[in-house]
Amino acid sequence: MKKLLWKDWIYEKWVILLVTFILLTSSFEMFSKYIENLKIPGGKSYVYINFGFPKYFSETDSYVSIILIIFIVFIIGFRQNLNSQQEIITAMPYSRKEIIISKWLESIICFMVPLVINFIALNIMYFTNYNKMKIYNNYTDFLMWMILGIFTYIFVITFVLFVDLFFGNKIVGAFFSGMVLFMWSTGRGILAEYLNIYGINIGYDNPNNGIYLLPYYNIFYGKDCIYRILILIIFTILFFKLMVKLNDMKNIENAQNINVYPKFSLALKLFASVVFTIIISDIVGDAFFRLNTAADNIATFIFTVLCFVILYLGIGKTVKRVDGEA
């Protein structure tokens, strides 16, 4: 396995440098704005911040980091396909388990090294501006937020690799991973908006403390950091085991197809069709059918059904055509 990791180091180092640059640039910019607009007791300011840096920074940091993780997994998988490395590696004396674990470790290294560098930079900025930072930032909480971030992103990397295994086409895999993570955080709100078109109120409010929002734990952190870290460890191990098992099931003949596992084709098509149908119907219904009359509800329902059928058939046809089945 060491040879597998060392072989890819020439590519990894450039990815690490790029990710480090993006994370540091984002952190420097956000930290500068935070310090500049920080409310000082007794001072006068029209624009000020009177809360901790993690609360100010973590949402931007989380979304940037998730996009970078998807990018890293895409680059690693796409490079192997482009250089026909999958066939070369398969012909070598490595088990499938060793190959997928090396890919997981490579993704971890490519993101965790820049993340640790970024956290070191944040610590330097914290103590450089200690007199201001100590007003709203307890260093213990600041440190726990960073530790929680490390465990959160290890889970996200594991989950994205798990989802990516379903797709031989890495562009589709990256897009689908992003869609799943997007719906993970906003799906309940989008569904609530859609049902609201029919006058159905499911009592949605922003789930800032939602225990199910594992990829976003470092945004909605609090006094339960240890509890959340334990949950992340459990689910990381679970998805890691599923990832290894799924990789063992892969048929090498389908490795370049959009859909690598025909057994899961129905579930994947249904998920994609339902998600896009709800989003499109929410947008169209909000624009044209917001009067909540019986006629508007019927029109929205008919539009939703037609949209789902067209999307389901279109996605199925596209997958079959690309995979050479039709």
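Values in this text are rule-based calculations from the coordinates and carry no lab data. Note that the structure is a prediction, hence the values are computed from the model and not measured. Quick reminder, even Gly has a Cβ in these numbers, built from the backbone with ideal geometry, and neighbours come from all protein chains shown.
See the values below:
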item	result
Out-of-range pairs (alpha-carbon distance over 32 Å; input Lys33/Lys103; Lys245/Lys269; Lys13/Lys170)	Lys33/Lys103
Tyr11, Tyr216, Tyr126 arranged by Cβ crowding within 10 Å, fewest neighbours leading	Tyr11, Tyr126, Tyr216
FRET efficiency, Asn138 to Met249 (Cβ-Cβ, R0 45 Å, nearest 0.05)	0.40
